[in-house]
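The values are calculated or read from the model by the stated rules, or taken from the named source; none is laboratory data. Since the model is a prediction, treat every value here as computed from it, not as a measurement. Every residue, glycine among them, receives a Cβ derived from its backbone with ideal geometry; neighbour counts consider all protein chains shown.
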Amino acid sequence: MRLGILFLLLGLLPLAAQNAQLAGMQQDLAELRNEVEKLKLENADLRAALNRQKAGQGQVASTAETLAKARAETLNEVDRRLKQHTDEVNAALAELTRQVNAALGKTGPAPTAKSGKAAAQTEAPAAADDGVPSDIPRAGLKYRVKSGDTVTKIALRNGSKVEWILKANNLSSPAALKADVDIFVPQPETAGR
C-alpha cells in the first residue's frame, strides 16, 4: 500500500513540473503579446508620419529626403521585428496547445524533424525488463544536445514527448539537460518504419 502511494506521488512530480512550465509559458506568451501590440502601434504611427510627410511635401529638399529614407528604414525594421515577434508568438501558441493537448491526453500528428540530416534509428539503451515503463517506445534516435536546446524543443523536432525523453535518459527535470551530451530520443513505433 505504501509502495503504491509512493509510486503515485512519484508519478505526479512530472505533472507538477509541467504545470509550472505551462504557467511560465503562459506568462511569456502574455508578455510577447504585449510587445507585439506595442510594435503594431509604433508601426502604425510611423506609417502615418510617413504618409503625412509624403502628402505635405511640396518642395523636395535633401533634408526631407534624408528624413523620409530614415523613416522608411525605421518602418522596415519595425515590420521585421513585428514579423519576428509574431512568429515567436505563433510558436509559443503551438507549443502551449501541444502541451495542453498532452495534459488532456490528446495527441496530434507528430512534428517532423526540420534537420536535413537523416537521423539514425536506434534502440533504447535499456532492456525490456529494466524497470522503464512500457509506455515509452524502445525505438528512437541518438541526439547530441546543443546549447540552447530544451527538452520541449527536442521532443517537438523529433516527434517525441518530453516525458519519454526525461524517463529514457533518467533526467530528474527538464533543467537537468546539459549541452554537448548524447541523449536517446524515443519515437513512436509506426507501421511505416
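Between Leu46, Leu6, the distinction of being at pLDDT below 75, not hydroxyl-bearing (Ser, Thr, Tyr) and not assigned by TED's automatic domain parsing to the domain that holds Ser172 belongs to Leu6 only. Checking each residue in region 166-187 for being among the basic types (Lys, Arg) and either buried (at least 19 other Cβ atoms within 10 Å of the Cβ) or under 14 Å from Ala155 (Cα atoms) (or both) picks out only Lys167.
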